[in-house]
1. Does the stretch 174-184 contain any residue that is more than 16 Å from L32 (Cβ to Cβ), at pLDDT below 70, assigned to a loop (DSSP other than H, G, I, E, B) and out of contact with any Leu (no Cβ under 8 Å at 6 or more places or on another chain)?
2. Among the residues that make up the stretch 82-97, is at least one of them open to solvent by 30 Å² or more (accessible area, probe 1.4 Å), touching a Leu at 6+ places or on another chain (Cβ under 9 Å) and small (G, A, S)?
3. Which helices (runs of 4 or more DSSP H) does the stretch 1-108 wholly contain that include 1 or more residues that are more than 16 Å from the ligand (Cβ to nearest atom) and within 24 Å of E152 (Cα to Cα)?
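The values are calculated or read from the model by the stated rules, or taken from the named source; none is laboratory data. The model shown is predicted, which means the values in this text are computed figures rather than measured ones. Cβ placement follows ideal geometry from the backbone for every residue including glycine, while neighbour counts extend to all protein chains displayed. For the accessible areas, the whole protein counts, side chains as well, though only heavy atoms, and no ligand, DNA or RNA atoms are used. Shrake-Rupley method; radii C 1.70, N 1.55, O 1.52, S 1.80 Å.
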Amino acid sequence: MVEVEHLTKRYGRFVAVSDVSFRVPAGSAVALWGHNGAGKTTTLRCVLGLASFEGRITVDGLDVRRQGREVRRRIGYVPQHLALYDMTVSQILSFFCGLRKVPPERAHELLEWVGLGGIGSRPAGTLSGGMRQRLAVALALVADPPVLVLDEPTANLDARARQDLLDLLVALRRKGHTILFASHRPGEVLDLADQVIVMEDGKVKASGPPQALARLDRSGVGVVDFE
Ligand code: ATP
């Protein structure tokens, strides 16, 4: 579904991502794993067509560089930080439904599905971190895109909120969504990913199923050591 071939991203002379290639087969979940600055967010931004790049990226057979608009219709994006506006949860969702030209009932359905059914009238700015992320997922799902791209989806959440959000993402994968996400949390990688791409200094250091990540455990920050 998503194919990244020889992706390189330069900022001036600085090479943030260097010759990165990987595939996300339809219906699977792939994690980009790495510490801060490894190049995960930059890679996701290129997949979304939000940054210029060298190499080739296709989504559902569409070329990101030439068919960016069509590609973005197929992707729901959950950014690391969702900027919230001075509106209620329901108003924000309805607004997004309007933008995507889907019926307003979809907003109601999504609120229920992500577990925010009872709080539609709350100002979005008063939500907890976990609720914010659920709202971000609901917004990404408005047009029912086949692909979801998430940047560190459970960062800064407490253990309970993290698990709730992970359960939601696992359910989305079971429903057939293709998922590409950046992470440096062992728990979410082990629960969600079929494949992990280990990035370091903008390069792919290794890749494989998460179980193969030696010394990756649920408790710690997680040290990846493929050797
Ligand atoms: P984090 O978890 O901190 O977001 P990351 O793995 O997502 O880390 P990126 O944000 O992709 O890493 O950054 C990769 C490298 O590119 C970093 O060294 C970063 O400083 C650099 N970088 C990112 N955006 C820009 C930019 N707009 N201009 C210059 N350098 C950038």
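1. no
2. So in the stretch 82-97, the residues open to solvent by 30 Å² or more (accessible area, probe 1.4 Å) come out as 82-88, 90-91, 94-96.
Retained after the next criterion (residues that are touching a Leu at 6+ places or on another chain (Cβ under 9 Å)): 82, 84, 90, 96.
Keeping just the survivors that are small (G, A, S) gives 90.
Yes, the stretch 82-97 has at least one match.
3. Values: elements: 40-47, 68-73, 89-99.
It comes to 68-73, 89-99.
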